[in-house]
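Participant: Got a structure for you, questions after.
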Amino acid sequence: MEDNLKVLVVDDSKTMLLRASLMLKKNGFIPVTMSEALDVLETIKREKVAVVILDVEMPGITGYQLCDMIKNDDETEDIPVIFFTSRDEYMDRLRGYSLGAQGYLVKDCDEDEFIGTIKKLLSEK
């Protein structure tokens, strides 16, 4: 796996964006953060991100809707999507995976699980 891969994190919580950014930087990734879901597809294409991490609950559009958009766009469909959310119900996970997400993490996961999931998905590309 090459170093300095960009990872897009979309979350309306500044605290979670900071936490994810710190974990990513510490492990050799370049975080690209967005607190709003507007223009996510354009950002993915422009920044050439390797992985997209989405919160489920955001104002205006849900992470599920964003995942569906990413997976139905010819230019972005192969980019791994991971949900990073406080929602930990079976049906939430099932919905995320059914839309094409390759990972689902609960926000209280530790750094090893967070980074390990990203690295695992990148090694499978």
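Participant: Can you list the HN-Hα couplings for segment 77-93, worked out from phi with the Karplus curve (6.51, -1.76, 1.60; θ = phi - 60°), rounded to whole Hz and with x for Gly and Pro?
Facilitator: For segment 77-93, the Karplus curve yields 4, 8, 7, x, 10, 10, 7, 10, 9, 8, 7, 10, 8, 3, 5, 5, 4 Hz.
Participant: Sticking with this structure for a sec: Which value, in debye to the nearest 20, gives the size of the charge dipole of segment 1-58 about its Cα centre, when Lys and Arg are +1 and Asp and Glu are -1 at the Cβ?
Facilitator: 280 debye
Participant: If the reach is capped at under 24 angstrom between alpha carbons, list the lysines near LYS45, excluding any in the same chain fewer than eight residues apart.
Facilitator: Cross-link targets: LYS6, LYS14, LYS25, LYS71, LYS119, LYS120, LYS125.
Participant: State the dimensionless ratio Rg/Rh of segment 1-72 (Rg: radius of gyration of Cα atoms; Rh: Kirkwood radius).
Facilitator: 0.95
Participant: So what's the projected area for segment 6-123, the Cα convex hull averaged over all directions, in nm²?
Facilitator: Quarter of the Cα hull surface area: 6.4 nm².
Participant: Starting from the amide H of ILE53, placed 1.01 Å from N in the peptide plane, find each other amide H under 5 Å away whose residue is 5 or more places distant or on another chain.
Facilitator: LEU8, VAL9, VAL10, ILE82
Participant: To check you understand DSSP bridge types, tell me what percent of the beta bridges within segment 6-123 (both residues inside) are antiparallel, rounded to 5.
Facilitator: Taking every DSSP beta bridge with both residues in segment 6-123, the antiparallel ones total about 0 percent.
Participant: For GLU57 and ASP110, FRET efficiency with R0 = 25 Å and r from the beta-carbon atoms, rounded to 0.05?
Facilitator: 0.70
Participant: Also: In whole Å, what is the distance between the alpha-carbon centres of segment 1-68 and segment 94-125?
Facilitator: Using only Cα atoms to place each centre, the spacing works out to 13 Å.
Participant: Okay, moving on. Which value at 222 nm does the chain reach when only helices count, each DSSP H run of 4 or more adding -39,500 (n - 2.57), with the total divided by all residues and rounded to the nearest 500 deg cm²/dmol?
Facilitator: It lands at -12500 deg cm²/dmol.
Bear in mind these aren't lab numbers, they're just calculated from the coordinates by the rules spelled out. All figures in this text were calculated on a predicted structure; none of them were measured in a lab. Note that we place each Cβ from the backbone using ideal geometry, even for glycine, and neighbour counts take in every protein chain shown.
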